Amino acid sequence: MIDHVYISVSDPVRSLAFYTAALKPLGWQEFLKYDSTSGPSSVPDLWGLISEGGNSIWLRQRTAGETGFYLGLAAEEQATVDAAYVAALQAGGRDDGPPAMRTYFSDGYYAANVIDLDDNRLEFVHKSWIPKAGA
């Protein structure tokens, strides 16, 4: 299941207004702004939108040479995050952050990050507050 997507844009504030208006009929709304000063330097400021189902889109300032694609994929448990990370590296991906708690986002946020063969970024994430399917 897709958990979240980052979209790199030239003007996050302008794009937030666009996406908020364009996605409102689909049940999306402005969520929050993540201030990068509370986390590591590799995580930029983020402007969020959230769906009625809890999926999120995060807008970020585009940097030179960036592909602009970042996909967060939900895992039902931490072991699944670990397995996906190892599988991605074995398939030729590059490390972009080993499996670990990311408490600068939220308590119970466990994730691993990889870069694919074309420099797109993937995040495998388990959020402890989201119940397992069928639970």
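Once Cα extents along the principal axes in Å is calculated for the structure shown, the corresponding label among (1) 55, 36, 23; (2) 46, 43, 23; (3) 41, 39, 26 turns out to be (3).
Along its three principal directions, the equivalent ellipsoid of the stretch 38-96 from the Cα gyration tensor extends over semi-axes of 23, 19, 11 Å, largest first.
Would you work out the Kirkwood radius for the stretch 1-66? I mean one over the mean of 1/r across all pairs of different Cα atoms, in Å. Could you put the intermediate results ahead of the total?
Working: mean 1/r = 0.0813 Å⁻¹.
Final number for the Kirkwood radius of the stretch 1-66 is 12.3 Å.
Using helices alone, what [θ] at 222 nm do you get for the chain, with -39,500 (n - 2.57) per DSSP H run of 4 or more residues, divided over all residues and rounded to the nearest 500? Intermediate values should be presented prior to the final figure.
Numbers: 2 runs with 25 residues, N = 135.
The per-residue figure over the chain is -6000 deg cm²/dmol.
If a spin label sat at a point 7 angstrom from the Cα of Q29 along the line to its beta carbon, the backbone N atoms of the stretch 41-73 nearer than 14 Å would be those of 49-55.
Cross-link partners of K24 among lysines, defined as those whose alpha carbon lies under 24 angstrom from its own and excluding same-chain residues fewer than eight positions apart: K33.
For the stretch 1-48, calculate the relative contact order in percent as a whole number, restricting contacts to Cα pairs under 8 Å that are 6 or more residues apart. Numbers along the way, then the final one.
On the way: 30 pairs, mean separation 14.5, N = 48.
This gives 30 percent for the stretch 1-48.
Every read-out reported here was derived from the displayed coordinates using simple, explicitly stated rules and does not represent laboratory data. Note that the coordinates shown come from a computational prediction; the quantities given were computed from them, not determined experimentally. Heads up, the Cβs are rebuilt from the backbone with ideal geometry, glycines too, and the neighbour counts pull from every protein chain shown.
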